[in-house]
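Chemist: One structure is given below, represented as structure tokens, and several questions about it will come after.
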Amino acid sequence: MKYKHIIQEMKEARDPNMMAFVKDVEKMKRLTKKEKDHYLQTRFLPESVQKLVEDFIPYIIFVAYCNKGKAKNLQMLDLINEGILGAYGAFERSTKDGLLTKIKVQHSIRNRIKKAINIDYCQSIAEYSFEICVPEGPLANDDNVISIYSEIQRLKGCLQ
């Protein structure tokens with residue numbers, strides 16, 4: 001789906017937080033090549049990183065939109081926030097090793113969003129499993145609850 005259609009759909013959500021976010025996004029201007037080069041050369045400064053991350057917002061929105069159907073409890077804005085954190089993480093790692101490419105930033109954004117969805121999914125399974133597996137009545141004692149909880153934690157670890 002095209003970016004303009006995604007933004008239009010986000011506007012129609014009638015969520016005040018989403019509408020405020022879309023309003024801010026529409027005010028953002030894409031960086032020119034000269035501006036990108038300048039900010040990349042000074043990416044150790046927080047304001048430069050902020051501008052570079054803002055330039056990835058359309059990509060972050062696109063990835064979040066494509067993955068929103070996979071999330072159980074996370075909203076679109078939650079996925080966008082995870083994508084922004086992924087972009088910041090890529091720039092933070094680049095200051096340590098000095099290597100940064102557009103593909104690495106995009107990869108970091110996708111991974112952060114997918115990780116959030118996986119955690120959300122595992123938590124949904126754990127909550128559901130706990131409600132189904134915990135016996136009620138005379139069988140419900142502390143030892144049973146602890147053993148069931150331990151098994152759920154082990155399963156969560158396997159899914160990550």
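Chemist: Could you check the spin-label model distance between residue 92 and residue 45? Points 7 Å from the Cα along Cα→Cβ, value in nm.
Modeler: 2.2
Chemist: Placing +1 at every Lys and Arg Cβ and -1 at every Asp and Glu Cβ, with all other atoms neutral, what dipole size does the stretch 5-101 have around its Cα centre, in debye to the nearest 20?
Modeler: 160
Chemist: Below 8 Å, C-alpha to C-alpha, sequence gap of six or more: please give me the relative contact order for the stretch 40-130 in percent.
Modeler: Normalised by residue count, the contact order of the stretch 40-130 is 32 percent.
Chemist: Hey, another quick one. Working out 0.36 nm times the residue gap between residue 114 and residue 28, then minus their Cα-Cα distance, what length gain in nm do you get to one decimal?
Modeler: Stretched out fully, the residue 114 to residue 28 stretch lengthens by 28.4 nm.
Chemist: Return the lysines within reach of residue 51: Cα separation strictly under 20 angstrom, same-chain partners fewer than 8 residues apart disregarded; answer none if there are no such residues.
Modeler: Qualifying lysines at Cα under 20 Å: 23, 27, 29, 33, 34, 36, 96, 102, 104.
Rule-based calculations on the coordinates, nothing more; no lab input. Remember, it's a predicted structure, so these values are computed and weren't measured experimentally. In this analysis, Cβ positions are derived from the backbone assuming ideal geometry, glycine residues included, and neighbour counts consider all displayed protein chains.
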